[in-house]
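Input: a single structure, listed below in structure tokens.
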Amino acid sequence: MSNDIREVVIIGSGPAGLTAAVYASRGDLKPLVIEGVEAGGQLMLTTEVENYPGFVDGIMGPELMERFRKQAARFGTEYLTDNVTAVDLSAHPFVVKTGGDEVQTRSLIIATGASARMLDVPGEKTLLGHGVSTCATCDGFFFKERELIVVGGGDSAMEEAIFLTKFASKVTVVHRRSELRASKIMQDRAIANEKIDFVWNSVVAEVFGNGKVEGVRLKNVESGDDSELPIGGVFVAIGHTPNTSLFEGQLDLTEGYIVLPGETTETSVPGVFAAGDVVDFRYRQAITAAGMGCMAAIDAERHLEAAAH
């Protein structure tokens, strides 16, 4: 890495970060993308993506991200495959530190994404993408006429369960307590849906199957009893954690998500922009993240123009 001050550094290499890179590099800002050791974002865990416009027959998640990456590289984006260890947003230029380097930049685009919270039980990791999913809107279509479970008790779990009834023959909500956390309206909708059943006071202790999900072992948290439930898919809906620990105390956050106080993608620090799942707790789709990445690059370009005059 040269010691020159960069025009723009982008942290993150999912749809938001790489779309920002496409726009920033075409705007001749010569962006540096610090892509992380686990590059590509959540789509790297998704086998097939069928709802990204332009891919009539669908595309594998990792292949889609590879195309994003090559497109940005074609216009001059540079990549650093390392994790960011610290940032200093208190002075200009901003400082971004990685394991082996330090970069100074006039503007910063944060696209570090969010991580779905997982159950952390045997079988879950190995079957992720093979019947274990963290996104019903992404994957529900692949589970036609199967019996499924949704783990969780909040609004997003109820939304996922209701959405999945379009495809599944039956959806069982597994919740560790005896009542839901979800809002009254979402509870009423789920309970009124004849395709949805509930298993209370229970947790998933194991996901099993040979190459694909075939069932789960449930544990009753009150009695301690184990039971097996044969099913064709597990949807984990216990929330997401935005990847923002680097920015605590430097940017305004709410429940971990970066706050955008105005009408643009600019954060509480002028010259620092944010896009994708690190901001968006509502839609969390590849296409919405990509759209925000485009916005962040345009916002950064305008900020740099204004600062130069």
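Each value in this text was obtained by applying a stated rule to the coordinates, not by laboratory testing. Remember, predicted model here, so these are calculated numbers, not experimental data. Using ideal geometry, Cβ is built from the backbone for each residue, glycine included, and neighbour counts are taken over all protein chains shown.
Cut-off under 23 Å on the C-alpha distance; same-chain residues fewer than 8 positions from Lys144 excluded. Which lysines are left, in chain and number order? Partners found: Lys125, Lys166, Lys170, Lys195, Lys212. By the Cβ-Cβ criterion of under 4.7 Å, the unpaired cysteines of the chain are Cys294. Compared with the dominant principal axis of the Cα atoms in the chain, helix 286-308 is inclined by about 20°.
Calculated on C-alpha atoms, the gyration radius of region 118-236 divided by its Kirkwood radius gives an Rg/Rh of 0.93. One chain, two ends: Asp88 and Thr137. Fully extended at 0.36 nm per residue, the span grows by 14.0 nm beyond their Cα-Cα distance. Entry for region 210-309 at q = 0.20, 0.24 Å⁻¹: log10 I(q)/I(0) = -1.00, -1.26, Debye formula applied to identical alpha-carbon scatterers, no solvent contribution. Between Glu38 and Glu50, the distance separating the two model label sites (each 7 Å from Cα on the Cα→Cβ line) works out to 2.7 nm. Calculated on the Cα set of the chain, radius of gyration then Dmax: 21.2, 70 Å. Karplus-based coupling profile of region 118-127, in residue order and whole Hz: 10, 7, 6, 10, x, x, 5, 5, 5, 9, with θ = phi - 60° in 6.51 cos²θ - 1.76 cosθ + 1.60 and x standing for Gly or Pro.
Both radii come from the Cα set of region 1-136: Rg as radius of gyration, Rh as Kirkwood radius; their ratio Rg/Rh reads 1.02. Using only the alpha-carbon atoms, how far is helix 155-164 inclined from the longest principal axis of the chain? Give it as 0 to 90 degrees, nearest 10. Value to nearest ten degrees: 70. The length gained by stretching the chain between Asp225 and Glu255 to full extension, at 0.36 nm per residue less their Cα-Cα distance, is 7.3 nm. By the beta-carbon count within 10 Å of each Cβ, the least crowded to most crowded order of Thr126, Thr98, Thr19, fewest first, is Thr126, Thr98, Thr19. Relative to the first principal axis of the alpha-carbon coordinates of the chain, what is the inclination of helix 15-26, with its axis defined by its Cα atoms, in degrees from 0 to 90 and to the nearest 10? Compared with the principal axis, the helix lies near 20 degrees.
Taking 0.36 nm per residue of separation and subtracting the current Cα-Cα distance, fully stretching the chain between Glu102 and Glu305 would add 70.6 nm.
Within region 71-152, the ratio Rg/Rh, alpha carbon atoms throughout and Rh by Kirkwood, equals 1.15.
Taking a straight line from the alpha carbon of Lys97, these lysines sit under 29 Å away, with near neighbours fewer than eight places off in the same chain left out: Lys30, Lys70. Quick one: work out the % antiparallel among DSSP beta bridges in region 118-236, nearest 5. Within region 118-236, antiparallel bridges account for around 40 percent of the total.
Could you check the spin-label model distance between Lys125 and Thr264? Points 7 Å from the Cα along Cα→Cβ, value in nm. Roughly 4.2 nm, to one decimal. Based on Cα contacts under 8 Å between residues 6+ apart, the chain shows a relative contact order of 21 percent.
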